[in-house]
1. Take segment 142-199 and flag every residue that is small (Gly, Ala, Ser) and under 23 Å from the mean Cα position of the chain (by Cα).
2. Looking only at residues in segment 51-100 that are closer than 26 Å to PHE2 by Cα and of a type in the set (Val, Ile, Thr), which one is farthest from the chain's Cα centre (by Cα)?
3. Within segment 139-152, does at least one residue satisfy the condition of being among the acidic types (Asp, Glu), loosely packed, with under 15 Cβ neighbours inside 10 Å, within 27 Å of VAL246 (Cα to Cα) and in the same structural domain as LEU257 (by TED's automatic domain parsing)?
4. So PHE144 fits all but one of (1) among the aromatic types (Phe, Trp, Tyr); (2) part of a loop (DSSP other than H, G, I, E, B); (3) closer than 20 Å to LEU25 by Cβ; what number is the exception?
5. Considering only segment 250-280, state which residues are of a type in the set (Asp, Glu), at pLDDT below 90 and not in a strand (DSSP E or B).
6. Looking at (1) farther than 19 Å from LEU291 by Cβ; (2) touching a residue at least 40 places away in the same chain (Cβ under 8 Å), which is the only condition HIS223 fails?
7. Out of GLU109, GLU76, GLU66, report the one residue that is of a type outside the set (Phe, Trp, Tyr), crowded, with 17+ Cβ neighbours inside 10 Å, at negative phi and not assigned by TED's automatic domain parsing to the domain that holds LYS162.
8. Out of GLY43, GLY72, GLY101, which single residue is out of contact with any Phe, Trp or Tyr (no Cβ under 6 Å at 6 or more places or on another chain), in a loop (DSSP other than H, G, I, E, B) and under 20 Å from LEU129 (Cβ atoms)?
Amino acid sequence: MFSVFFGQYLLNQGAIDKEALSKLLDISKKTRVKLGVLAINSGLMTVDNVNKVSQLQQQTDMKFGEIAISEGLLTEPELGILLSVQDSEHLKLSQTLIDQGMMSLEEVEKHLSSYRSAFSLSDEAFEELKEGKARTIIDTYLNFQQDSFADLYKEYITLFYKNVVRFIDSTIHIDHVEVIESRQYDYIIKQDIVGPKRIYTGFGAGSDVLIKIASEYADEAFHSLDDYALDALGEFLNLNNGLYLVNLSDYGVDLSLDIQSISKNHLIESNKVYCIPFYSNFGRFDLLISLNPIV
């Protein structure tokens, strides 16, 4: 998951293009992270130390870990730790960038450092982000500008994100929250959560993207947005919102759900709706949430 977010950052920075990113992500799925990259990432070795070991490796048939230990740059327990995490997903893109000759080890480390700075990530938050923890991802990317209901929104979006990863697309990534007053979609799937306040929830997209979402969720190949496909989309939102209500009930908050509905060629018009773009491998769809009634 971290590879997707870091890759998008590199794309936004102009370090790689869209075609290269797609290729790199495909290759990275089969990539095994080298011990040198792991050692730097864990803080056990510097870039200079890794380069030194790599140079010595060219002169002998010894393995990287054996040389690092013989040079006093790693201990046996430290090597054991590195070997245990060698299939770490979050470093596979970095390793692929190096293997494909697109960046040096130093350049990758520079971009990782810039990524951390750009999002003001603490050591703890950075580790959680690399582990793919959904709430950390939401906290990192979404800023509700001190909205008093920010925590409510983030709890909901975190759950929605988890369910998209689970049922729709494990490579999903989000972008910064937008505040919109008007936007038109081919279809919007919506459902209100009713309690002390009415929470509008929904998602909108073009027909092609929604067909793919319905197909993934229902595990059935739809070719149009027929009644069965539309039902699948509604069921996905209802599932998510039902789980949200269960989570809130654990804290003594009782809410209920209106029946989900689907609107074609729907134009949102409201004072303020939060729009969170979700980017999948088949296109963009927007999660929409607001405490304001929407006509």
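The values are calculated or read from the model by the stated rules, or taken from the named source; none is laboratory data. Quick caveat, the model's predicted, so the values are computed rather than measured. All Cβ positions, even for glycine, are placed from backbone atoms using ideal geometry, and neighbour counts span all protein chains on display.
1. Let us first name the residues in segment 142-199 that are small (Gly, Ala, Ser), namely 148, 150, 170, 182, 195.
ALA150, SER170 - these are the residues of segment 142-199 that are small (Gly, Ala, Ser) and under 23 Å from the mean Cα position of the chain (by Cα).
2. My answer is ILE81.
3. yes
4. So the condition that PHE144 fails would be (3).
5. ASP250, ASP254
6. Among (1) farther than 19 Å from LEU291 by Cβ; (2) touching a residue at least 40 places away in the same chain (Cβ under 8 Å), the lone unmet condition for HIS223 is (2).
7. Values: GLU76 fails: crowded, with 17+ Cβ neighbours inside 10 Å; GLU66 fails: crowded, with 17+ Cβ neighbours inside 10 Å.
Residue meeting the stated conditions: GLU109.
8. Within the list GLY43, GLY72, GLY101, the selection yields GLY43.
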